[in-house]
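Student: Here it is: the structure, laid out below.
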Amino acid sequence: MITIKSSREIALMKKAGQILANVFDVLEPLCIPGTTTKHLSDVAEKVIRNAGGIPEEKGYYGYPAAICASVNDAVVHGIPSSYKLKDGDIISIDIVVSYEGYMADACRTFAVGNISEEAARLIRVTKECFFEAMKVVKPGNRIGDISSAIQRHAESNGYSVSRDYTGHGLGRKMHEDPSIPNFGIPNTGPVLKEGMTLAIEPIILQGRKETRVLNDDWTAVTCDHKLAAHYENTVVITKDGYEITTMNEQGEM
Ligand code: MF3
Ligand code: CO
């Protein structure tokens, strides 16, 4: 069931989203050689709690940290560790914050030091996939329009999309209906309506689309060990379009 949020609920989701956007502003400059992914998680947790939010990933089905930190061929759900970031790495940081019970979910892929042209292109195209999808986000259009926009932009740039992880509704819970695949067919699936709240999250792979989960039971990696990038925001469907809850007005990321 897809829930429609009241204006009060949307206001709380926006507050959660602001807290989350600020966390990225703090973490981005820390994504430099020598920083451990555990440190990034600890900093994120402090910033979130100081702002009155809760890092919802911690304890989610036993997940052990405040953020997901997926480096290079890690696709999603990388567990923060003593791994030290090194020059040329890319790191996808996925965070869920709640404020008074309402969720914001977002992810950014950051460059560590000097990265290859090819890695930079993957990060850029992944972000473009999100904004291609946003062009069709308005009441009356359908989930399949979002899915196909993402797939088309990724594949026309020579990349593939994971079939194993999708976007989703969210609100009181981290994951609600509908599921939002990053591949699909226009004019299919649930119809978008004012007051729906969605996490739209292209997860784009440099090589083949297959992924597998490591023995830690969380970290998903590409089967071919090529790179993955991920860009996600929480979005509210408005009367004639959308609003993004997890982006700061200033620095567009
Ligand atoms: N934030 C992820 C998403 O975009 C979910 C993370 S689940 C966790 O849907 F357990 F790893 F936290
Ligand atoms: Co999500």
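Student: Could we say that residue 147 is buried (at least 21 other Cβ atoms within 10 Å of the Cβ), in contact with a Lys or Arg (Cβ under 9 Å, 6 or more places away or on another chain) and of a type in the set (Gly, Ala, Ser) here?
Tutor: Criteria not met by residue 147.
Each row is one residue, and each column tells you yes or no for (1) within 16 Å of ligand 2 (Cβ to nearest atom); (2) hydrophobic (A, V, I, L, M, F, W, C).
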| residue | (1), (2) |
| --- | --- |
| 105 | yes, no |
| 133 | yes, yes |
| 154 | no, yes |
| 162 | yes, no |
| 177 | yes, no |
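Student: Over 28 Å from residue 209 (Cα atoms) and within 14 Å of ligand 1 (Cβ to nearest atom): which single residue out of 45, 9 fits that description?
Tutor: Just one listed residue meets the conditions, 45.
Student: Okay, next question. From (1) touching a helix residue (DSSP H, G or I) at 6+ places or on another chain (Cβ under 8 Å); (2) under 18 Å from residue 196 (Cβ atoms), pick out the condition that doesn't hold for residue 153.
Tutor: Looking at each condition in turn, residue 153 falls short on (2).
Student: Applying the selection to segment 121-161, what residues are hydroxyl-bearing (Ser, Thr, Tyr) and farther than 16 Å from residue 90 by Cβ?
Tutor: Of everything in segment 121-161, those that are hydroxyl-bearing (Ser, Thr, Tyr) and farther than 16 Å from residue 90 by Cβ turn out to be 147, 148, 156, 160.
Student: Considering only residues of segment 179-210 that are of a type in the set (Ser, Thr, Tyr) and within 16 Å of ligand 2 (Cβ to nearest atom), which is surrounded by the most Cβ atoms within 10 Å (Cβ to Cβ)?
Tutor: Restricting to residues being of a type in the set (Ser, Thr, Tyr) and within 16 Å of ligand 2 (Cβ to nearest atom), the top hit is 197.
Student: Got a sec? Which of 213, 161 is among the aliphatic types (A, V, I, L, M) and either surrounded by 17 or more Cβ atoms within 10 Å (Cβ to Cβ) or farther than 29 Å from residue 119 by Cα (or both)?
Tutor: On inspection, the qualifying residue turns out to be 161.
Student: Report, by residue number, each residue of segment 152-176 that is closer than 21 Å to residue 73 by Cα and of a type in the set (A, V, I, L, M, F, W, C).
Tutor: 154, 161
Student: Oh, and also: Could you please give the count of residues in segment 55-73 that are on the phi < 0 side of the Ramachandran plot and either within 16 Å of ligand 2 (Cβ to nearest atom) or out of contact with any strand residue (DSSP E or B) (no Cβ under 7 Å at 6 or more places or on another chain) (or both)?
Tutor: Selection size over segment 55-73: 13.
Student: Going by the structure shown, is residue 49 under 25 Å from residue 235 (Cα atoms) and within 16 Å of ligand 2 (Cβ to nearest atom)?
Tutor: Considered against the rule, which asks whether it is under 25 Å from residue 235 (Cα atoms) and within 16 Å of ligand 2 (Cβ to nearest atom), residue 49 comes out as no.
Student: Regarding residue 241, is this residue in contact (Cβ under 8 Å) with a residue 60 or more places away in the chain and farther than 14 Å from residue 170 by Cα?
Tutor: yes
Student: If you don't mind, another one. Quick one: is residue 203 touching a strand residue (DSSP E or B) at 6+ places or on another chain (Cβ under 8 Å), among the β-branched types (Val, Ile, Thr) and farther than 26 Å from residue 12 by Cα?
Tutor: So residue 203 passes the test.
Student: Tell me yes or no: at least one residue of segment 53-67 is part of a helix (DSSP H, G or I), farther than 18 Å from residue 173 by Cβ and at pLDDT 95 or above.
Tutor: No, the conditions are met nowhere in segment 53-67.
The values are calculated or read from the model by the stated rules, or taken from the named source; none is laboratory data. Treat the numbers as computed from the prediction; the structure is a model and nothing was measured. Here Cβ is always computed from backbone atoms with ideal geometry, including for glycine, and neighbour counts include all displayed protein chains.
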